[in-house]
Amino acid sequence: MTESQRKKPQLSESWLEILGDEFDKPYMDELRAFLREEMKKHKVYPPGSLMFNALNVTPFEKARVIILGQDPYHGPNQAHGLSFSVQRGVKPPPSLQNIFQELNNSLGVPIPKHGDLTSWAEQGVLLLNTTLSVRARSPKSHAGKGWEEFTDRIIDELNEKREGLVFVLWGSHAGKKATRIDQMKHLVLRSAHPSPYSADRGFFGCNHFSIINEHLERRGETPINWELPR
């Protein structure tokens, strides 16, 4: 694909400056072609304008906590580009309900009526999926198509150019990213996934939310207000 054929990605300037060269790599051309074909034949979530939502809501220099998910929710009106988050008006899925339960148990945060985590992202919680799109009703359908290379670059840039970040790795998929992170520079928190199939095996009681805020306070930073606005 020629330079003139490439569209500038809908990405904030802070991230575009860091990641701009990634969009010129061959795998990205292949990913674009794959997505064009998928969108012709299937419903794809989230819509294209929201695929980079995590990066657009949380600029590179504002990121303080990174919560890694796998791929977007694949049901109607759920995904909006933030890991574990769903749009208002959509019932929080079971994993997100368990996240809210752990928050309530560890910090007394009231369980909200909605699952839109935008307020966390605005405070510096980068809600990043390792795959940024999915075919409707088909989990992991866009895995192995190039997104992982892109999101690994995001992790690598944060690891290298920032200090004192908190990487939250729930479940085995996210846990594999621990090898990319310098644990002398950053705090890495790992546990079971909040899914109903595994939450009882170490997610409940992990106290990650209180540990995050304690870490931020030790660094002289404002803790995250985990309570969602109504």
Worksheet item: Over the chain, what percent of the accessible surface lies on carbon and sulfur atoms, probe 1.4 Å?
Response: 48 percent
Worksheet item: Out of the stretch 1-80, which trypsin sites (Lys or Arg not before Pro) are coil in DSSP terms and have no more than 12 other C-beta atoms within 10 Å?
Response: 7
Worksheet item: Counting pairs of alpha carbon atoms under 8 Å apart in space and at least six apart in sequence, what relative contact order in percent does the stretch 1-160 give?
Response: 29 percent
Discussion item. Can you tell me the orientation of helix 94-107 relative to the chain, as the angle in degrees between its alpha-carbon axis and the longest Cα principal axis, to the nearest 10?
Written reply: 40 degrees
Discussion item. Given the options 169, 155, 48, identify the residue whose Cα lies farthest towards the positive end of the charge dipole of the chain (+1 on Cβ of Lys, Arg; -1 on Cβ of Asp, Glu).
Written reply: 48
Worksheet item: Each label point is 7 Å from the Cα along the Cα-to-Cβ direction; what then is the distance between the points at residue 41 and residue 179, in nm?
Response: 3.2 nm
Worksheet item: Under the Kirkwood approximation for Rh and a Cα-based Rg, what ratio Rg/Rh is obtained for the stretch 1-123?
Response: 1.02
Fill in: Computed helical MRE - 222 nm, the chain, DSSP H runs ≥ 4 contributing -39500 (n - 2.57), nearest 500
-10000 deg cm²/dmol
Fill in: Label point distance in nm, residue 91-residue 157, each placed 7 Å from Cα along Cα→Cβ
3.8 nm
Worksheet item: What percent antiparallel are the DSSP beta bridges of the chain, to the nearest 5?
Response: 20 percent
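Counting only heavy atoms of protein chains, what accessible area per residue, in Å², does the stretch 1-141 have with a probe of 1.4 Å? Spell out each step's value before the answer.
Numbers: 6520 Å² over 141 residues.
I get 46 Å² per residue for this part.
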Discussion item. Suppose the Debye formula is applied to equal point scatterers at every Cα of the chain; what is log10 I(q)/I(0) at q = 0.13 Å⁻¹?
Written reply: -0.76
Discussion item. Under 10 Å, Cα contacts only: if you run a Gaussian network model on the chain, which one of 144, 48, 75 comes out with the highest mean-square fluctuation?
Written reply: 144
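The values are calculated or read from the model by the stated rules, or taken from the named source; none is laboratory data. Worth saying up front: this structure is predicted, and the values here are computed from it rather than measured. Backbone-built Cβ (ideal geometry, glycine too); neighbour counts: all protein chains shown. Heads up: the accessible areas ignore ligands, DNA and RNA and are worked out on the full protein's heavy atoms, side chains in. Shrake-Rupley method; radii C 1.70, N 1.55, O 1.52, S 1.80 Å.
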